[in-house]
Amino acid sequence: MGACNRMERDSSDSTIVSDGLLVRFGSINALDHFTVNVPKGIVGLLGPNGAGKSTFIKTVLGLVQSDSGGISINGLDPREDALAIRDMVGYMPEHDCLIESMSGVDMVAHFGRISGMSKEDAIPRSHEVLDFVGLGEERYRPTGTYSTGMKQRVKLAQAIVHDPGILFLDEPTNGMDPLGREEMLELIGRIGASDKSILVSSHILQDMEKVCQHVIIINSGRVVVQGPMRQMLDQGKGRVHIKVRGGSKALFSFLEALRGRYSVESVSDEFGQMTISFINEGDSGPLLEMAAHAGVQVRAYYPDRISLEDVFIRSMKEVA
Amino acid sequence: MGIDPIGYKPWNGRRTEHNRRFLVIAENIVWERFRSKPFLVLFILGAILVHVFPLIFYSIMPHSELEADLMSGYMGDGLFLIFNITLVSLICADLISEDFRSNSIVLYLSKALQPGRYLLGKWLGAMVVLCLFTLVPPMLVATAITATQDGSDYLGSLAVLGRTFLAGAWTALLLVPVGLMMSALTSKRTYAGVGAFMFLFILTIIAGVLGTFSSDWQLLSPIAVLEHTYDFLFGLDVSNVNSVLLVPMVIMLTVPPMWIVYQRILRKGVGK
């Protein structure tokens, strides 16, 4: 009861809320007291192979039954309202899953109808979503003849054909060339911009960094860390780097002035160029004035950000 | 390829009811089968060999009414039954195996479609296609015989016509579960097709061998089961059949295969 109330409170700004979710396959805990709040927007679900990403998605879809704990999707419980949830969810699986004898347009229309669209609605809508994902005349060919990129596009098209409010994308850029990856990420961004909640599972962290607003990192069936992407990457807490160039006297004069005003953490001097790391939570105006006053040239000024890969590796090491 | 700068458009249509969506699967199977050339060739060949000749022959031959033993004999004919077994193998071979192989089962089960409804859609599709061979032509033959009868007992002929309908549907009902089971046990359509044919055929051979010891063993044969149930459906004498064994055999050919298919679908749904 307590868990339910807490979930109801938390679900106001969340799409999916799970509280102490336990899913066991024999003696293995695929999800081990998995507690997570998936907010609206584009959310990255990251984790090594076997971490429990697919199990979580299948539990949300009601394909896998949980042993204990609570889970709700837009306030609905997949154990009781699996069909209603699946109507509001679109799923793009990781692996090949296309009906190879069907053409792209027929397949998308077929799954549109299975998702509850009438024949009259499904055919024009499937053309519409195939236009959206960028599949041209190839849509009339059997999907068995498609390249990996085309298959990914059709998989995305079948997931959005019935206009779901929530999308689960499992490795959407898997096997795609760099251009195809960029286009897929752009599509995800566009779908996300139309007030959809998208849960993207991927191990290509650069892709996740580009497109996600929120990150959930899981390992061994547990949530390791979760939070907004910006907050995750801004681990420096005001730490910035400045590169300045000038005569040695001017450089040391600038460094002294800097030390007098800010907390300088490190300095490196290479051939008349100095890189200084210090804490500045304010704006850069006074700093530039100091540089001008000391007679040094500012070549670069940037915050200390870490990549998602750093966050991921650090999280995994902490767990280990 | 490439992306045109078009935005995502929502869809605001009305959804169909959950419990009617299996019909989409069934409808798709019917269209797919009749787009398949090997199936069409076999279907047409079978229709000519099995149904067209009896239709012409029985209609021309003088007769006073449509008789139950004539229809039972016609539907229990060896050629008809062999074509039934061949067709059920061909129809069911890729119905589930192909979804397992291509992993499209995951897409089906991620939609608002329960595993049972998915199976119902596959079963119904196979039933409709097979009934087009086992039910519609015998009904046409029976109708033609009734239309050309000399006697005035049309009511009696109509009763046999109704029994023919039941026998046609029953043929599909008995054979489809085995075809679906073989399709669910493998992810290769060839294995499924050959497996279904061999399962039904080998049981018939074993029944033939063991039948020399006791006639009860004959009931191991699906063909014998069909023949005896035709006699029952047409109201003929079945006193020589061990009905205590016939009923379990009918159950064995229908219930466990469908249960196996359902369990296989459930397991695939969770990724096993």
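Throughout, read-outs are computed from the coordinates displayed, never taken from laboratory work. Source: prediction; values computed, not measured. Backbone-built Cβ (ideal geometry, glycine too); neighbour counts: all protein chains shown.
Ratio of alpha-carbon Rg to the 2.2 N^0.38 Å globular estimate for segment A:239-303, to two decimals, please. Before the final figure, lay out the partial values.
Details: Rg = 10.3 Å, N = 65, 2.2 N^0.38 = 10.7 Å.
Compactness ratio reported: 0.96.
Need the full-extension length gain, B:F39 to B:S215, defined as separation in residues times 0.36 nm minus the C-alpha distance. One decimal, nm.
Details: separation 176, 0.36 × 176 = 63.36 nm, distance 3.57 nm.
Taking 0.36 nm per residue and subtracting the Cα distance, the gain is 59.8 nm.
Excluding residues fewer than 8 places away in the same chain, name every one of the lysines whose C-alpha is closer than 30 Å to that of A:K210.
Those lysines meeting the cut-off are A:K40, A:K53, A:K58, A:K151, A:K155, A:K196, A:K237, A:K243, A:K317, B:K9, B:K111.
Which percentage, to the nearest 5, of the DSSP beta bridges contained in the protein assembly as shown is antiparallel?
Numbers: 41 of 58 bridges.
About 70 percent, rounded to the nearest 5.
Viscosity 0.890 mPa s, temperature 25 °C: what is the translational diffusion coefficient of the protein assembly as shown from Stokes-Einstein with a Kirkwood Rh over Cα pairs, rounded to a whole number of µm²/s?
On the way: Rh = 28.5 Å.
Estimated via Stokes-Einstein, D reaches 86 µm²/s.
With θ set to phi - 60° and the Karplus curve 6.51 cos²θ - 1.76 cosθ + 1.60, what are the ³J(HN,Hα) couplings of segment B:172-179 in order, to the nearest whole Hz, using x for Gly and Pro?
Per residue, the Karplus-derived 3J(HN,Hα) values read 5, 4, 7, 8, 4, x, 5, x Hz.
If you average the C-alpha positions of segment A:162-230 and of segment B:37-102 separately, how far apart do those two centres end up, in angstrom?
First find each Cα centre; the distance between them is then 53 Å.
Any chance you could tell me what percent of the C-alpha pair distances in segment B:180-262 go past 20 Å?
Working: 1372 of 3403 pairs.
Of all Cα-Cα distances in segment B:180-262, 40 percent exceed 20 Å.
Going by how many other beta carbons lie within 10 Å of each one, how would you line up A:V264, A:V23, fewest first? Numbers along the way, then the final one.
On the way: A:V264 15, A:V23 24.
Taking fewest neighbouring Cβ atoms as first place, the list is A:V264, A:V23.
With no solvent and one equal point scatterer per Cα, compute the Debye intensity ratio I(q)/I(0) for chain A at 0.14 Å⁻¹ and report its log10, rounded to two decimals.
After summing over all Cα pairs, the log10 values are -1.03.
Which residues' amide hydrogens lie under 5 Å from the amide hydrogen of A:G90, considering only partners 5 or more residues apart or on another chain, with H built in the peptide plane?
Here the answer is A:I166, A:L167, A:F168, since their amide H atoms fall under 5 Å of that of A:G90.
Would you mind computing the Rg to Rh ratio of segment B:1-121 from its alpha-carbon coordinates, Kirkwood style for Rh?
Details: Rg = 22.1 Å, Rh = 18.8 Å.
Taking Rg over the Kirkwood Rh, I get 1.18.
Please list the non-local residues whose amide H lies under 5 Å from the amide H of A:T35, H modeled 1.01 Å from N, same-chain partners needing a gap of 5 or more.
A:G20, A:L21, A:V223
Averaged over A:110-123, how many beta carbons belonging to a partner chain fall within 10 Å of each residue's beta carbon?
Numbers: counts 7, 7, 4, 8, 16, 8, 12, 7, 4, 3, 1, 6, 3, 0.
Going residue by residue through A:110-123 and averaging, the value is 6.
For segment A:2-226, give me the percentage of DSSP beta bridges that are antiparallel, rounded to the nearest 5 percent. Intermediate results must be reported in sequence, preceding the final value.
Numbers: 19 of 36 bridges.
Rounded to the nearest five, the antiparallel share is 55 percent.
With a cap of 10 neighbouring Cβ atoms within 10 Å, and only residues DSSP puts in a loop, list the trypsin sites (Lys or Arg not before Pro) found in segment B:42-121. Could the numbers behind the result be given before it?
Values: sites: B:R101, B:K111, B:R117; in loops: B:K111.
Counting only loop positions with at most 10 other Cβ atoms within 10 Å, none of the trypsin sites (Lys or Arg not before Pro) in segment B:42-121 qualifies.
A:G41's amide H: which non-local residues (gap 5+, or another chain) put their own amide H closer than 5 Å, with H modeled 1.01 Å from N in plane and none for Pro or chain starts?
A:S197, A:I198
Taking the Cα atoms of chain B, report the difference between the largest and smallest coordinate on each principal axis, in whole Å and largest first.
75, 45, 32
Using DSSP to call loops (not H, G, I, E or B), can you name the trypsin sites (Lys or Arg not before Pro) in segment A:207-275 whose Cβ has at most 16 other Cβ atoms within 10 angstrom? It would help to have the intermediate numbers written out before the result.
Working: sites: A:K210, A:R222, A:R230, A:K237, A:R239, A:K243, A:R245, A:K249, A:R259, A:R261; in loops: A:K237.
Here the sparse-neighbourhood loop sites are A:K237.
Each residue of segment B:241-257 in turn: what ³J(HN,Hα) in whole Hz from Karplus with 6.51, -1.76, 1.60 and θ = phi - 60°, glycine and Pro shown as x?
After applying 6.51 cos²θ - 1.76 cosθ + 1.60, I find 9, 7, 5, 5, 8, 5, 4, x, 5, 4, 5, 5, 7, 10, 6, x, x Hz.
Whole-Hz ³J(HN,Hα) for each residue in segment A:113-130, computed from phi via Karplus 6.51 cos²θ - 1.76 cosθ + 1.60 with θ = phi - 60°, x for glycine and proline: what do you get?
Taking θ as phi minus 60°, the curve returns 5, 5, 7, x, 8, 6, 4, 5, 7, 5, 5, x, 5, 5, 5, 4, 6, 5 Hz for segment A:113-130.
Kindly provide the pair-distance distribution of segment A:205-268 built from C-alpha pairs, with 5 Å bins from 0 and whole-percent values in order of increasing distance.
4, 12, 18, 14, 11, 8, 10, 10, 8, 4, 2, 0
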